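Novice: What follows is a structure written as structure tokens; I'll ask about it next.
The values are calculated or read from the model by the stated rules, or taken from the named source; none is laboratory data. Keep in mind the model is a prediction, meaning the values are calculated, not measured. FYI the Cβ positions are ideal-geometry reconstructions off the backbone, even for glycines, and counts take in every protein chain you see. Note: accessible area is taken over every heavy atom of the protein model, side chains too, but ligands, DNA and RNA are not part of it. Shrake-Rupley method; radii C 1.70, N 1.55, O 1.52, S 1.80 Å.
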Amino acid sequence: MVRLERLRAGHAPALLAFERENREWFARSVEDRGDAYFAEFDARHTALPAEQEAGTCHFHVVVGEDGEPVGRVNLVDVTGGSAELGYRVAERAAGRGVATAAVREVCRPAGGPYGLSELWAVTTLDNPASRAVLERTGFVPGGDARPGGRPGVRYRRHLDGPG
């Protein structure tokens, strides 16, 4: 159904197109990245592999059957064996299990070669699809949060090794 690819420089053109195509869709549920994100995309994308090499972040592209990006799933703020999970799925792939499959898939390297023991994520109360993805993939609510200043929930998942 989907596969994850670790982010590399060659993903830049397709990811920029993905972000532009889905900007309005994403802004319905998360804070918009702003015009500067798109204007500075190439420079930012060029810097991301160094963050991966340092082990402070792990970025992934979710690739669909057509070979094009249909999502992103990232582990950021890696510290002390934990990281924050973030993900986004294209509008054309929404409601088809892509986010659930991608989150499940990223837990394999997270609990294996990345050496993480816990992931956490936050989502807003008015985003039931995101809450459902987290709950289907083993995350449990762990307290209140205010992503983007909106009421939300913080989720946690303990990793017992790969997947």
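Novice: Scanning the chain for GluC sites (Glu not before Pro) in DSSP loops with at most 13 other Cβ atoms within 10 Å, what's the longest stretch left with none?
Specialist: 66-163
Novice: Determine the gain in length on full extension of the stretch Arg23-Asp66; use 0.36 nm per residue of separation and subtract their C-alpha separation, reporting nm with one decimal.
Specialist: So the chain would gain 13.4 nm between Arg23 and Asp66.
Novice: Okay, next question. Quick one: net charge of Arg146's neighbours, Cβ under 14 Å, K/R +1, D/E -1?
Specialist: Here the charged neighbours net out to -1.
Novice: Report the net charge of residues surrounding Asp77, where surrounding means a beta-carbon distance below 11 angstrom and charges are Lys +1, Arg +1, Asp -1, Glu -1.
Specialist: -2
Novice: Residues with beta-carbon under 15 Å from that of Ala39, excluding Ala39: net charge, scoring Lys, Arg +1 and Asp, Glu -1?
Specialist: -1
Novice: With a 1.4 Å probe and all protein chains left in place, how much accessible area per residue does the chain have, in Å²?
Specialist: 51 Å²
Novice: When the Debye formula is applied to the Cα atoms of the chain, each taken as the same point scatterer, what base-10 log of I(q)/I(0) results at q = 0.10, 0.16, 0.19 Å⁻¹?
Specialist: Calculated log10 I(q)/I(0) at the listed q: -0.34, -0.95, -1.39.
Novice: Sticking with this one: Please report the carbon-and-sulfur percent of the accessible area for the stretch 85-138; probe 1.4 Å, protein heavy atoms only, DNA, RNA and ligands left out.
Specialist: The C+S portion of the solvent-accessible surface of the stretch 85-138 is 49 percent.
Novice: Using Cα-Cα distances under 8 Å and only pairs 6 or more residues apart, what relative contact order does the chain have, in percent?
Specialist: In percent, rounded to a whole number, it is 20.
Novice: Extension gain Leu125-Arg6, at 0.36 nm per residue separation less the Cα-Cα distance, in nm?
Specialist: 39.8 nm
Novice: Using a ≥ b ≥ c from the Cα gyration tensor of the stretch 21-70 (square roots of the eigenvalues), is it rounded, prolate or oblate, where a/c under 1.5 gives rounded and otherwise the larger of a/b and b/c decides, a/b for prolate?
Specialist: It comes out oblate by the Cα gyration axes.
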